[in-house]
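The values are calculated or read from the model by the stated rules, or taken from the named source; none is laboratory data. Since the structure is predicted, the reported quantities are computational estimates derived from the model, not experimental observations. Methodologically, a virtual Cβ is constructed for each residue, glycine included, from the backbone with ideal geometry; neighbour enumeration extends over all protein chains shown.
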Amino acid sequence: MTHSCRISPFPGRGTHKCLRCLVTGIVMLAALGAWAQNSTDTIKSRELEELTVTTRRPGMSRVAGAENGMRINRAELFKAACCNLGESFTTNPSVDVNYSDAATGAKQIRLLGLSGTYVQMLTENLPNWRGAASPYALDYVPGPWMNSIQVSKGASSVRNGYESMTGQIDIEYIKPDNDPGVTVNLYGSSLGRFEANADGNVHLTQRLSTELLAHYQDDWGHHDMNHDGFLDQPNVRQVNLQNRWKWRGDKYLFHAGVGVINEKRKGGQTHHTAPNAHHLYSIDIKTERYEGYMKHAFILNPEHGTNIALMGNFSSHNMDAAWGHKSYHVNQKNAYAQLLFETDLAVGHNLSAGLSLAHDYLKQDLLNSGFDAGKEQETTTGAYAQYTYTLTDALVAMAGLRVDHSSLYGAFVTPLFHLKVTPHQVVSLRFSAGKGYRTVHALAENNYLLASGRRLVIEPLEQENAWNYGASASLLIPLWSKTLKLNLEYYHTRFGNQAVVDYDTDASLIRIANLDGKSYSNTYQVDASYPIISGLELTAAYRWNDVKTTYGGLLLEKPLTNRYKGLLTASYKTPLELWQFDVTLQLNGGGRMPTPYTLPDGTLSWSGRFHAFEQLSAQVTRWFRHFSVYIGGENLTGVRQKQTIINAADPWSEKFDPTMVWGPVHGAMVYAGIRINIGRL
């Protein structure tokens, strides 16, 4: 049945099969619904002696403190297939996820109009996914494993480090002390993708619990929808495992866990496009990653919230990659440790202080590239203090300062200030200002650029730094006996120094160099949500990006960046919460392309600008007592970028470039899956 749902690379040969699968799935879903409705009615008739009143938890909720943050919980994640972290922001108006290139499948987050390298990625308040892991990190977190995602905009808490320039994204996994049982998720798509996920919790004692998280992914489809001789996306096979433990005592808490990821990516030319195997341009990326974390918390005085915690994590990331004749190997090790103290000095006065130690080590080997990668290592020690004043709900102020010393760049200071004012219960105002720093591992973080035929030049780079300023207003407006939630915000980021990826100055190369001039971003956003009727909520958002950087002495619009984004989502759950319908429409604005060059046939490589495009996704979910079935589609408008790889006919030339991606790389896709809650082991 899986093979019958593949989309043929030739027009008209496979689409009707996918439509048959979609119709069949809907019929099966309806039949299951009728059966479950009868069984549910029977169950209700036997349980009338007990009445339970429940409320629906919103899928996204605003963080209560001074920071401008949103928490995305599982109810929101279930509105789409959400196979991994990169596919979890479909319904989010603030975060974009784009392909970095059309050959390796690398993706990146964009927040406040800037690359995800300026977003500090955390897993349960510990920095993670650094260096060589960052281009593919969005595929390393399976969606069913996540309990919630917290997105904070602008300069965020100094407690977690100094790297937050445009915000933080903190991922919370499901916990070992959740209700014991096993949950299984199976997923398949018309693009030839299969996933299986499982999580199981066991309570060994009243205080000790453990869980096992397992994930398997296999992308076996060979699709070339634009007939350029290259796979539209690589075939990925990934095995991902985690084992997590938790001990909860009266005055001592312990968390620990280990994980392993094994992934293989294969892409490049299809076999029928090259005269023989020697001339085949292939992409082969093998990754092995091991990681572990540990947290100890000692509760000294529960009444005053006084506690001491020691926590840290470690990762070993090994990657062997080949793009044509180029070969790249990186052995990366990251270690982080933090000792923190927190207490309530008095009612409304909270103090957090701590020490941190971070170490990054990268051993890189690069062949047939023209330069020596070598070793990179840095040790950074730091200390911070953060004070929060809370005057009921009317005023919350947070000020933080941290001082760090880098073995490469010496000492530097990171200030932070947040203010929340609620003059009336209808409106809340937030203001923020802060600075962030970042050490650049240019080759590791941009290794996907090696797929290009252009020569990659990396100049000696200094530490990046930027100021971020933000203001937002949240309004709760009574309207027709319901509440309209309206949010307005503006953020400005200005770089003092930046590692600029320059496609414009020289058509024969890609240069990564220190900023020589100005670089900034201005982001304006308005979003609103309103419950039309019981169970039906609409969300609409619009964002405008003004992002400019200096290239070769000219202040230009940042290339491959959408000028605006519009979002409209509708989610409806029936009164008995047996059916759920979710629809999302995105409108992505156009933008500037890098300066084009002349191809061998005399034509220009691309147009000066790319156009706006829309994407529609939808999902239907049927909930049962112990499982749920879902069926849906992504990019149902069928919009895709026709030319994702430049000069695909000659991948060995310097004119070859798969990194000019601004839109979807594949057309419409349908999927189906089932989530099963087996219950207590």
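Below is a table of values for the structure above.
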item: Leading residue by the ranking (surrounded by the fewest Cβ atoms within 10 Å (Cβ to Cβ)) among those in the stretch 66-90 that are acidic (Asp, Glu) and not in a loop (DSSP other than H, G, I, E, B); result: Glu87
item: Residue, nearest to Gln586 (Cα to Cα), within the stretch 632-645, restricted to residues that are in contact with a strand residue (DSSP E or B) (Cβ under 7 Å, 6 or more places away or on another chain) and buried (at least 22 other Cβ atoms within 10 Å of the Cβ); result: Glu634
item: Restricting the stretch 506-541 to residues that are outside any strand (DSSP E or B), farther than 21 Å from Asp582 by Cβ and free of Cβ contacts under 8 Å to residues at least 60 places away in the same chain, the residue that is farthest from the chain's Cα centre (by Cα); result: Asp506
item: Hits in the stretch 122-159 - residues which are in contact with a helix residue (DSSP H, G or I) (Cβ under 7 Å, 6 or more places away or on another chain) and among the aliphatic types (A, V, I, L, M); result: Leu122, Ala132, Leu138, Val141, Met146
item: Among (1) of a type in the set (Gly, Ala, Ser); (2) over 27 Å from Tyr448 (Cβ atoms); (3) touching a Phe, Trp or Tyr at 6+ places or on another chain (Cβ under 6 Å); (4) free of Cβ contacts under 8 Å to residues at least 40 places away in the same chain, the one test that Gly312 misses; result: (4)
item: Condition met for Ala399 (modelled with pLDDT of 95 or more, on the phi < 0 side of the Ramachandran plot and exposed (fewer than 15 other Cβ atoms within 10 Å of the Cβ)); result: no
item: Which listed residue, of Leu191, Leu241, Leu231, Leu186, is modelled with pLDDT under 95 and under 22 Å from the mean Cα position of the chain (by Cα); result: Leu191
item: Selection count, the stretch 157-170, where residues are buried (at least 24 other Cβ atoms within 10 Å of the Cβ) and over 17 Å from the mean Cα position of the chain (by Cα); result: 4
item: Residues of the stretch 282-320 satisfying the condition of being over 26 Å from Gln338 (Cβ atoms) and among the charged types (D, E, K, R); result: Asp284, Lys286, Glu288, Asp320
item: Some residue of the stretch 174-182 being surrounded by fewer than 23 Cβ atoms within 10 Å (Cβ to Cβ), touching a Gly at 6+ places or on another chain (Cβ under 7 Å) and either not in a strand (DSSP E or B) or not hydroxyl-bearing (Ser, Thr, Tyr) (or both); result: yes
item: Residues (aliphatic (A, V, I, L, M), under 28 Å from Ala322 (Cα atoms) and not in a strand (DSSP E or B)) located in the stretch 91-138; result: Ala102, Ala103, Ala106, Ala132, Ala133, Ala137, Leu138
item: Any pair with Cβ under 6 angstrom, 6 or more apart, that starts in the stretch 283-298 at a residue that is without any contact (Cβ under 8 Å) to a residue 60 or more places away in the chain and among the aliphatic types (A, V, I, L, M) and ends at one that is surrounded by fewer than 19 Cβ atoms within 10 Å (Cβ to Cβ) and part of a strand (DSSP E or B); result: Met294/Ala256; Ala297/Leu253; Ala297/Asn307; Ala297/Ala309
item: Index of the failed condition, Arg130 passing every other in (1) more than 24 Å from Ser571 (Cα to Cα); (2) among the charged types (D, E, K, R); (3) free of Cβ contacts under 8 Å to residues at least 24 places away in the same chain; result: (3)
item: Yes/no for Pro651 being free of Cβ contacts under 8 Å to residues at least 60 places away in the same chain, assigned by TED's automatic domain parsing to the domain that holds Val583 and surrounded by 22 or more Cβ atoms within 10 Å (Cβ to Cβ); result: no
item: Residues within the stretch 214-241 that are out of contact with any Gly (no Cβ under 8 Å at 6 or more places or on another chain), surrounded by fewer than 21 Cβ atoms within 10 Å (Cβ to Cβ) and not in a loop (DSSP other than H, G, I, E, B), tallied; result: 6
item: The listed residue being among the hydrophobic types (A, V, I, L, M, F, W, C), crowded, with 20+ Cβ neighbours inside 10 Å, at pLDDT 95 or above and assigned by TED's automatic domain parsing to the domain that holds Thr644, out of Ile261, Ile308; result: Ile261
item: Matching residues, the stretch 587-602, being in a strand (DSSP E or B), free of Cβ contacts under 8 Å to residues at least 60 places away in the same chain and crowded, with 17+ Cβ neighbours inside 10 Å; result: Arg592
item: Residues of the stretch 211-232 satisfying the condition of being under 18 Å from Pro142 (Cβ atoms) and touching a residue at least 40 places away in the same chain (Cβ under 8 Å); result: Leu213, His215, Gln217
item: Qualifying residue in the stretch 361-380 (condition: part of a loop (DSSP other than H, G, I, E, B), under 18 Å from Glu163 (Cβ atoms) and assigned by TED's automatic domain parsing to the domain that holds Thr493); result: no
